[in-house]
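Read through the structure below, which is laid out as structure tokens, and then see the notes.
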Amino acid sequence: MNRFALLGLCFAFQILCFSQTLPRNRDYYASAYRYYLDAKNDSALVYLDLALTHPVDSNDHQKKIETLLLKSRVLGNLTFFESAMEHALEAYDLSKKEQLESLVVTSLLDIGKIHFLMYNDSVAEQYLLRAEELAVAKGYEKELMMTQSALAQLYCVNEKSEKALDLMTKSLEMAKQQQDTIYIIQNLNLFASYYTNLNRWANIINPEYQRKTKQYLDEASRLASASNIPMLILPMYIRYLRYYRVEKNYHEALNYANKVLDMCEPTHYAMLIQVYDHLVGIYAHLGDKNRVIDSHQKFYNLMRKQSDYTLHRSLQEMQVKYDVKEKELEIVRQQHEIENHKARRRLYASGILALTLIVLLMTCILRLKSKHNRELAANNAVKDKLFSIISHDLKSPAVAQKMAVDSMIEELETHGESQSLTERLKAFREATESQLSLLMNLLNWSSLQTGRMAYTPIAFNISETVHKAVDLYRVPARNKNLNLVIDIPDDCMVVADKQMINTVVRNLLSNAVKFSLPDNEISISVTCHEQSACARIIDHGIGMSPQQIKNLLESGKNISKSGTHGEKGSGLGLIICKELLEKNGSQLHISGDGQKGTDVWFYLPKA
């Protein structure tokens, strides 16, 4: 089950726990809450903004915290994860300041869920475990039940089956003891997802797992039908859709798919993307090629719209930063005029002394203005580069996707039956993956430039991180007949920001595969020294010239080049690696002569 759907359902259950605190009179928060339960996130967001700007009681800190947490969940549904995190952190700070311990637990819980949605699983686990520890220490049974349910979701997705099953059982038992219908439904759904996941990677479907999935879904459905709350019902329909697809009962699967499409708002991209992904597979089994293509096109359009939402928000933030700099410069100019006016008035009284003060003041102002101009120029350069990448590099994968779909349609219209539909769809998927990779690099670079990427060092096993990255690129390497030579110890603990280092290793491996000539090898090694660890990647591809290496390491400039099979790039990968390593107190080292491949390595301190 997609983690967005899991968390969306969990948020719905959690917000129902706040229903007892709602005021009896109809206010903005109550309206937002109703729209949220009706799965109308856009309308909920409007009323939440009104609730925060026009509070019923400005001293009601508990109500403000609940409003911030609800807005965080709505923004999470719309995939605005950074804004969602800001509101959750603000709720956490306010609940600590006002010593509202139960809301401190809830805020930690929400922060962990947002990290889960952003695929920061290790960080998510840390926050959820902190919430569980505080709930146990304070004796908060309801908050403990909510936290253990969220941890069960995390472990279920990460295939830690024993931990997930234990926490689900405890949470369901507490929900029944407290007669909490909402969390009984949630945990029944978690059990259904658990048994669905057990069948996920099985070569042969286990009928017993399917029977238990249906049993838990039917029990949850009986309880949920009485509530008539779309936010509870929609994720359940998705689970039924998946169940009937596995059962090959495509009539019932299509019935539940249409129910979701009828209930979903157009901006609920995460859920709609799941439905059309299922529809592609269903229509492929039914042999309806036209509907396969139509569902795939809708899936692609939704993915693009979801990406556009995130890009639009990043561009908005950069534009705001640019506008703020311009306003600061204007303020400095106005202050300069005011000071000049005052200086002229003092000139008649103080003579030479006043003139000396004016000269000194002008010198300071000119330096300040020069500094602001340099900052403004730098921001303009960042903005121009971002627009350039969006207008050129992001266009190529989209064109490739269109060509793949056009080719499929032309072949279907000309020949009817096609033996190469699978190959065409694979080409379409590869173009989509290329666009997603570029988008992630673009967003990481944007976060670095705008100062929104937090540095969170922890102790972790870099050998495990490198192994996982290597697994991601085995298929692309095999397509070029590349031999991956791996020399990595089982355990090598370092201290750094794990997510940043993961991004660095993925980018370096991607470049090595992209620029390697076929029938060669790539060496990947991790060496543990006494005080540090060294990760190294050596390829035998087209390499980088000494001047290119110098431009990258000294000026942070890199030129986009095509790979040996025509793979497109933005030129951002190595720049991002350099800046992320510098955030971790490390450096990117590159050696090459532009003819015999590239040797890239970096050091991290041992834990």
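Here, each number is a calculation from the coordinates, and none is a lab measurement. Here the structure is a predicted model, which is why all the values come from computation and not from measurement.
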(request) Report, for the stretch 457-605, the % of DSSP beta bridges that are antiparallel, rounded to 5. (result) 80
(request) Return the whole-Å distance between the Cα centroid of the stretch 197-266 and the Cα centroid of the stretch 112-154. (result) 26
(request) Anything over 26 Å Cα to Cα? Flag those among Lys64/Lys259; Lys160/Lys468; Lys113/Lys305; Lys113/Lys498; Lys97/Lys142; Lys40/Lys248, in the order listed. (result) Lys64/Lys259; Lys40/Lys248
(request) Sort the stretch 457-605 into rounded, prolate or oblate with this rule: let a ≥ b ≥ c be the square roots of the eigenvalues of the Cα gyration tensor; rounded if a/c is under 1.5, and if a/c is not under 1.5, prolate when a/b is larger than b/c, oblate otherwise. (result) oblate
